[in-house]
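The values are calculated or read from the model by the stated rules, or taken from the named source; none is laboratory data. For clarity, every value in this text was computed on a predicted model and none was experimentally measured. Please note: Cβ atoms are built from the backbone with ideal geometry, for glycine as well, and neighbour counts cover all protein chains shown.
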Amino acid sequence: MLRRPNSYCPTYLSELEKVFQSEEVAIYLKKNKKILEYIAESTGKPINKLLDVFGIFQTLTAERWMNLTLPEWSKSVFPEEITELAAKQCELENSNGILKKLNGGRSLKKVIENMVAKSTHSLYPHVRKIFLYSGHENNVINILSALNLFKVHFPNYSSAVMIELHYLEEKDQYAVKVLYSKDVNVDPEEQQLEGCDVLCPLDKFIEISQPHIPVNYTAECGSQVYLD
């Protein structure tokens, strides 16, 4: 559910390739040609696409968090420029409805199923109050994108998306609140879905999310392997 669909979802790969072959991406790569050439010359690695930069970004970020000395060449382009390029890669991976559905939509579907089960008293065990999923930065981006809440940036380590189910006793109604924690040292920020309040009624939350929820993930991926 949390793995990137690049390795198992043919439809996702096909749709993503269309995006990367688009004029918009060609213009973006041309605009950043000098930076890409500099990274290639400095690392000795071919940099032909944003995904190539993404791998370098992950390495440099991990080294920085471990307080290792970064290579001299990186000081002029990291973290700012390289982080921007890596974030663009993740934005493109969620740049239309099909990609959102086959990417973060799969996780969002599971979250909704759990909330519906809790609200109808069919969740087992019935006393369960929390589901925790450990993932990567791209998982944070994917779930925010599926909710149309992603603003282009790259999440920090320890960032998290929290989707809370609340029972409003005065209304005898369940509602959903989404929060985004950018860092353990700052308070989570409440997120507001377009067309709903911060505390969004569960049925409205499901309605808003519906365009990005896969019905039959295996079929929609065009997979020969069962994925549901």
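Points worth noting:
- Residues (closer than 22 Å to Glu194 by Cα and either more than 11 Å from the chain's Cα centre (by Cα) or not in a strand (DSSP E or B) (or both)) located in segment 155-166: Pro155, Met162, Ile163, Glu164, Leu165, His166
- Restricting Pro214, Pro155 to residues that are buried (at least 16 other Cβ atoms within 10 Å of the Cβ), in contact with a helix residue (DSSP H, G or I) (Cβ under 8 Å, 6 or more places away or on another chain), at pLDDT below 95 and not aromatic (Phe, Trp, Tyr) narrows the list to Pro155.
- Flag for Tyr174 being over 14 Å from the mean Cα position of the chain (by Cα), exposed (fewer than 14 other Cβ atoms within 10 Å of the Cβ) and of a type in the set (Ser, Thr, Tyr): no
- Filtered residues of segment 177-195 (kept if in contact with a helix residue (DSSP H, G or I) (Cβ under 9 Å, 6 or more places away or on another chain) and either assigned to a strand (DSSP E or B) or surrounded by fewer than 16 Cβ atoms within 10 Å (Cβ to Cβ) (or both)): Val178, Tyr180, Gln191, Glu194, Gly195
- In the set (1) touching a Ser or Thr at 6+ places or on another chain (Cβ under 9 Å); (2) loosely packed, with under 14 Cβ neighbours inside 10 Å, Asn142 fails one condition alone, (2).
- Residues in segment 191-228 that are among the hydroxyl-bearing types (Ser, Thr, Tyr) and free of Cβ contacts under 8 Å to residues at least 40 places away in the same chain: Thr218, Tyr226.
- Pairs with Cβ under 6 Å, 6+ apart, first in segment 29-56 and farther than 13 Å from Lys88 by Cβ, second in a helix (DSSP H, G or I): Ser42/Trp73; Ile47/Leu36; Ile47/Ile39; Ile47/Ala40
- Residue count for segment 116-161 under the criterion of being on the phi > 0 side of the Ramachandran plot and free of Cβ contacts under 8 Å to residues at least 40 places away in the same chain: the result is 2.
- Hey, Lys88 within 21 Å of Ile143 (Cβ to Cβ) and in contact with a His (Cβ under 9 Å, 6 or more places away or on another chain) or not: no
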